[in-house]
Amino acid sequence: MGVYVVSVGAEEWFGEEEDGWGEAAAAVNAELGRRGLPPYTDVPPETDFAAGSGQTFEEKLNRPMTGFLALCETQLSPEEMETLCCWTVLVPFSLDEEIWLSPGAGHDESTVVAGAPQVLLLAERLAAVIGLPPETPPTCDNLDLNMWFRGPAKELAATRPGAWGTDLDTAFHVALFLRAAQHSIRRGCPMIWT
C-alpha cells in the first residue's frame with residue numbers, strides 16, 4: 001500500500017463516516033475561531049478523475065528521504081523544517097502557526113495542520129537551491145511525479161546536469177511538497193497524508 005499525499009474534497013473533509021475528516025474539520029474551525037479567523041467552509045467538491053486536469057492530487061511516498069532531510073537541515077531552520085515536513089493536513093490559507101489537534105479529532109494520532117502558503121515558500125526555496133527543472137510535472141492527478149522521476153527525469157538529468165539531477169530522490173521530495181502546496185492553494189482544498 002504505502003503512504004500517499006492526496007487532495008480531499010468537501011464530501012470527505014466534512015464527512016462524518018469512518019474515513020471522513022468531519023471531526024478534524026470541526027476542530028480546525030473551532031481553532032480558527034479562537035484565533036479570530038473565519039471558518040474554513042469553502043472546500044470544493046470531489047471531481048471525477050481526468051488525467052492532466054489538475055483537479056485531483058495523488059502521489060505516493062516511495063523514495064528514501066535521507067537526502068531531502070539533509071537538504072532541509074542545511075537550508076531551513078528547525079522551525080521551518082517542521083512546517084515543511086511535519087504536517088498531517090495542509091490547508092489552502094495562511095496560518096501564523098500550525099494547528100495541533102489531539103487524538104480523538106477523528107483520528108488515533110495527533111493531527112498537525114499547516115498553511116499551504118507557508119509550505120509553498122519553503123518548498124520554493126528548496127526548489128531554487130537544487131534547480132528543479134521546469135519540466136517537472138505541474139499537476140499530480142495520478143502519480144505523475146512518481147512516473148516522471150522513474151523515467152523522463154533520469155533522461156533529462158543525463159542531458160541537463162545539475163544539483164537536482166545528482167539526487168533524484170531529494171528532487172522528488174522537493175517537487176512533492178512544492179506541488180502539494182501549489183495544488184492546495186490553486187484548488188482551495190485540503191491535502192492529507194494517508
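The overall shape of segment 28-74 is oblate: from the C-alpha gyration tensor, with semi-axes ordered a ≥ b ≥ c, the ratio a/c is 1.5 or greater and a/b is no larger than b/c. Computed about its Cα centre, the charge dipole of the chain is approximately 840 debye, with only Lys, Arg, Asp and Glu carrying charge at their Cβ.
Taking all Cα-Cα distances within segment 36-194, those exceeding 27 Å account for 24%.
Quick one: helix 22-34 against the long Cα principal axis of the chain, what's the angle to the nearest 10°, folded into 0 to 90? That helix lies at roughly 80 degrees to the long axis. Based on the inverse mean of 1/r over its pairs of different Cα atoms, what is the Kirkwood hydrodynamic radius of segment 93-165, in Å? With all distinct Cα pairs of segment 93-165 included, I get 15.0 Å.
Extension gain, F49 to Q75: 0.36 nm times the residue separation minus the Cα-Cα distance gives 5.7 nm. Segment 85-139 and segment 145-194 have Cα centres lying 14 Å from one another. Here the calculated FRET efficiency for A158 and R34, from their Cβ-Cβ distance with R0 = 45 Å, stands at 0.30, rounded to the nearest 0.05. Only protein atoms count toward the accessible area here, which uses a 1.4 Å probe; on segment 69-194, the carbon and sulfur part of that area reaches 54 percent. Carbon-plus-sulfur accessible fraction, segment 6-59 (probe radius 1.4 Å, protein heavy atoms only): 51%. Anyone know which of G52, G151, G165 comes out most mobile in the 10 Å Cα GNM of the chain? It is G151.
Each DSSP beta bridge with both residues in segment 1-146 is either parallel or antiparallel, and the antiparallel ones are about 70%. Helix 116-130 and the long axis of the chain differ in direction by around 10°, with both axes built from C-alpha atoms. Just how many % of Cα pairs in segment 25-103 lie over 21 Å apart, if you round to the nearest whole percent? That fraction is 51 percent. Both the radius of gyration and Dmax for segment 128-172 are 9.8, 27 Å, in that order, over alpha-carbon atoms.
The values are calculated or read from the model by the stated rules, or taken from the named source; none is laboratory data. Just so it is clear, the model here is predicted, and its values are computed rather than measured. No Cβ is skipped: glycine too gets one built from the backbone with ideal geometry, and neighbour counts run over all protein chains shown. The protein model used for the area step is the full one, side chains on, heavy atoms only, and it has no ligands, DNA or RNA in it. Shrake-Rupley method; radii C 1.70, N 1.55, O 1.52, S 1.80 Å.
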